[in-house]
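The structure under discussion appears below in the form of structure tokens.
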Amino acid sequence: MVMTKDATLLTPKPEDRFTFGLWTVGNRGRDPFGDAVRPTLSPANIVRKLSQLGAYGVTLHDNDLVPMDATLAQRDRIVAEFRTVLADYQMAVPMVTVNLFYDPVFKDGAFTSASSAVRQFAINKAKAAMDLGHALGANIFVLWGGREGVETEAAKDPRQALAWYREGINALTEYVVQQKYAMRIALEAKPNEPRGDLYLSTTGAMLAFIATLDHPELVGVNPEVAHAKMAGLNPVHEVAQALDQGKLFHIDLNDQRLARYDQDLRFGSDDIKGTFYLVKLLEESDYNGPRHFDAHAYRTEDVEGVWQFARGSMRSYLAYREAVKRFQQDNEIQAALHAIEQMNAQGPTLDSPEHIEWWRQRGYAYEALDQLVTELLLGMR
């Protein structure tokens with residue numbers, strides 16, 4: 001895609017702010033139909049290798065690092081050792097999240113569980129994860145409600161479930177205020193899987209929900225490419241809406257084929273044109289947060305394939321970024337955009353039958369423009 005011999009353009013650097021979750025490169029290839037195909041990678045090994053590849057940092061669920069049944073002393077020891085590794089390799093932890101979906105206690109949801117005891121347990125676990133994030137220097141706390149949903153609508157009134165959800169998020173924002181943490185919360189939407197239907201299943205739904213919270217200024221969104229596509233939506237438009245409302249706190253980059261289960265494909269590996277426009281949107285906006293890759297290597301891969309996946313994710317983003325620069329510098333593309341803009345600006349007002357007919361018959365020249373972009377992405381320009 002990048003028509004250059006300058007290899008440094010595709011060499012990731014910390015200032016690119018590329019991050020990976022411990023669970024992404026640490027994914028062992030297990031799926032509902034087959035067991036793990038790769039060995040467990042330790043957090044220290046992941047940090048070391050990602051640093052060598054040029055990443056900025058790592059992210060984690062609470063239990064990616066600290067086992068759920070760890071004692072306080074064990075937790076403190078693990079965190080201290082991990083902080084040493086981060087310092088040794090000059091890696092950051094800009095975001096942490098909490099696992100409220102794996103343990104069977106959350107089988108009917110966490111914040112939306114019908115049990116008040118489970119809901120309180122989930123809130124306490126999330127607060128402990130915030131404490132962990134604060135200790136590691138994270139300023140973003142992502143919440144994906146992986147079990148916040150239903151299979152049987154008769155089991156819960158969705159209005160009550162949303163009220164419980166709101167209580168949970170309000171408890172967390174109040175905790176941030178009380179603890180004086182420099183931390184914001186980013187809500188992550190997904191339409192389905194693992195539940196039959198998840199509450200607040202799109203970024204737009206999350207944005208509307210945020211407006212009902214006690215501290216909406218502390219809460220934004222974490223759109224994920226794959227999740228938008230699972231709902232048949234355009235990820236570029238979801239991200240644009242979040243940017244428009246000043247709520248893009250974090251973003252999960254990957255790829256996905258429409259109407260499939262959550263595939264978490266390597267970033268930019270499937271939808272080339274859609275990925276280009278997403279990178280263009282991010283690079284031309286004021287978003288300066290991490291470019292976070294929430295994906296994993298194919299199940300066919302060994303450990304070396306995992307590092308090829310990580311390297312490829314970063315190189316692809318850089319290649320798309322270079323394509324954006326070429327789009328901005330391409331004389332023919334810019335001339336086409338200018339001509340369209342001029343035609344729109346200079347067209348007559350619709351105050352007479354003749355003027356209305358002019359607008360009815362005019363062409364917009366989008367075919368020619370789209371072909372120019374296609375040729376650019378194919379390396380023909």
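A few notes on this one:
- The single residue among Ala135, Ala114 that is in a helix (DSSP H, G or I), surrounded by fewer than 17 Cβ atoms within 10 Å (Cβ to Cβ) and touching a residue at least 40 places away in the same chain (Cβ under 8 Å) turns out to be Ala135.
Conditions (1) surrounded by 16 or more Cβ atoms within 10 Å (Cβ to Cβ); (2) among the aliphatic types (A, V, I, L, M), marked per residue:
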| residue | (1), (2) |
| --- | --- |
| Gly246 | no, no |
| His250 | yes, no |
| Gln256 | yes, no |
| Ala259 | no, yes |
| Phe267 | yes, no |
| Asp270 | yes, no |
| Tyr277 | yes, no |
| Asp286 | no, no |
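- Among the residues of the range 293-309, at least one is within 24 Å of Leu22 (Cα to Cα), among the charged types (D, E, K, R) and crowded, with 18+ Cβ neighbours inside 10 Å.
- Filter result for Lys229 (among the basic types (Lys, Arg), crowded, with 24+ Cβ neighbours inside 10 Å and not in a loop (DSSP other than H, G, I, E, B)): yes
- Among (1) out of contact with any Leu (no Cβ under 9 Å at 6 or more places or on another chain); (2) closer than 17 Å to Trp144 by Cβ, the one test that Gly220 misses: (1)
- Pairs linking a residue in the range 202-213 that is over 16 Å from Lys190 (Cβ atoms) to a residue that is part of a helix (DSSP H, G or I) and among the polar types (S, T, N, Q), with Cβ atoms under 8 Å and 6 or more positions apart or on different chains, are Leu213/Asn170; Leu213/Thr173.
- Residue match in the range 26-34 (condition: within 15 Å of Phe293 (Cβ to Cβ) and in contact (Cβ under 8 Å) with a residue 12 or more places away in the chain): yes
- Residue satisfying all of: in the range 9-44; out of contact with any strand residue (DSSP E or B) (no Cβ under 9 Å at 6 or more places or on another chain) and farther than 20 Å from Arg299 by Cα; surrounded by the most Cβ atoms within 10 Å (Cβ to Cβ) among these: Leu10
- Among (1) at pLDDT 95 or above; (2) out of contact with any Lys or Arg (no Cβ under 6 Å at 6 or more places or on another chain), the one test that Arg291 misses: (2)
- Residue within the range 98-112 that is more than 22 Å from the chain's Cα centre (by Cα) and of a type in the set (S, T, N, Q) present: yes
- Here Ala154, Ala182, Ala171 are screened, and the one residue that is in the same structural domain as Val96 (by TED's automatic domain parsing), free of Cβ contacts under 8 Å to residues at least 12 places away in the same chain and out of contact with any Ser or Thr (no Cβ under 7 Å at 6 or more places or on another chain) is Ala154.
- Between Lys229, Lys247, the distinction of being more than 30 Å from Phe33 (Cβ to Cβ), assigned by TED's automatic domain parsing to the domain that holds Ala186 and free of Cβ contacts under 8 Å to residues at least 60 places away in the same chain belongs to Lys247 only.
- Test: residue in the range 145-155 that is within 30 Å of Ala92 (Cβ to Cβ), part of a helix (DSSP H, G or I) and either more than 22 Å from the chain's Cα centre (by Cα) or β-branched (Val, Ile, Thr) (or both): no
- Extreme residue, farthest from Ala336 (Cα to Cα), among residues of the range 346-381 that are surrounded by 10 or more Cβ atoms within 10 Å (Cβ to Cβ) and polar (S, T, N, Q): Ser352
- Number of residues in the range 53-78 that are within 19 Å of His292 (Cβ to Cβ) and of a type outside the set (Phe, Trp, Tyr): the value is 12.
- Taking residues in the range 296-313 that are among the β-branched types (Val, Ile, Thr), and partners anywhere that are part of a helix (DSSP H, G or I), the pairs with Cβ atoms closer than 9 Å and at least 6 places apart or on different chains are Val306/Val25; Val306/Lys49.
- Of the helices (runs of 4 or more DSSP H) lying entirely inside the range 292-381, those carrying at least 3 residues that are in the same structural domain as Asp264 (by TED's automatic domain parsing) and either touching an Asp or Glu at 6+ places or on another chain (Cβ under 8 Å) or closer than 30 Å to Thr97 by Cβ (or both) are 303-329.
- Selection count, the range 44-67, where residues are in contact with a Lys or Arg (Cβ under 8 Å, 6 or more places away or on another chain) and either more than 23 Å from Leu253 (Cβ to Cβ) or basic (Lys, Arg) (or both): 1
The values are calculated or read from the model by the stated rules, or taken from the named source; none is laboratory data. What you are looking at is a predicted structure, and each value in this text was computed from that prediction instead of being measured. In this analysis, Cβ positions are derived from the backbone assuming ideal geometry, glycine residues included, and neighbour counts consider all displayed protein chains.
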